[in-house]
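Asker: A single structure is presented below for examination.
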Amino acid sequence: MNRTRLLTTMAVFVAIGTIGAQILWFPAGVARAYPVQHAVNVMAGVMLGPGPAVVIAFMIGLLRNLLGIGTLLAFPGGMIGAFLAGYLYLKFGKKGWAVVGESLGTGIVGSLFAVPFAKILMGSSVGAFAFLPSFLVSSITGAFIGWFIISRVKQENLIRI
């Protein structure tokens, strides 16, 4: 694969995820839901694999924080979800597994990891399942949006960068 094409595709995903966070979000419990982030995680996981998907999730989280439109909680959920979306797609070869990976990775693993993360880095003490409902709503919604978009791509050569 051409390195320039990979980096360009990753930059486009970062732009979509960062701009999408400003346009489409909704309150979901103790956190805000950013479904575009999760849609990008699924699409990047399918198209590029787990490594680039994690880098994209990190960059989106970093830019959102620098722009003041995100919190530090963007890192654990987004990166774990992106990794599992890409890994499960790579392992099973079905786009539905990317949705499962994103939903489990962000919605469950990421939400549980966010508790000590919030305590240590943000000074916020919450219960073990405080982030679970909002992370699940956000990740499942976004994962299905990503699945819908990626399943509409007709040509296989567009998916395989």
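Asker: Give the residues of the range 32-60 that are part of a helix (DSSP H, G or I), over 14 Å from residue 7 (Cα atoms) and not hydrophobic (A, V, I, L, M, F, W, C), sorted by residue number.
Answerer: Matches in the range 32-60: 35, 37, 38, 41, 45, 50.
Asker: Tell me, yes or no, whether the range 49-59 has at least one residue that is closer than 15 Å to residue 19 by Cβ and more than 9 Å from the chain's Cα centre (by Cα).
Answerer: For the range 49-59, residues closer than 15 Å to residue 19 by Cβ and more than 9 Å from the chain's Cα centre (by Cα): present.
Let's see how each residue does on (1) hydrophobic (A, V, I, L, M, F, W, C); (2) touching a Lys or Arg at 6+ places or on another chain (Cβ under 6 Å); (3) modelled with pLDDT of 95 or more:
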{"residue": "65", "(1), (2), (3)": "no, no, no"}
{"residue": "72", "(1), (2), (3)": "yes, no, no"}
{"residue": "79", "(1), (2), (3)": "yes, no, no"}
{"residue": "82", "(1), (2), (3)": "yes, no, yes"}
{"residue": "109", "(1), (2), (3)": "yes, no, no"}
{"residue": "112", "(1), (2), (3)": "yes, no, no"}
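The values are calculated or read from the model by the stated rules, or taken from the named source; none is laboratory data. Note that the structure is a prediction, hence the values are computed from the model and not measured. Here Cβ is always computed from backbone atoms with ideal geometry, including for glycine, and neighbour counts include all displayed protein chains.
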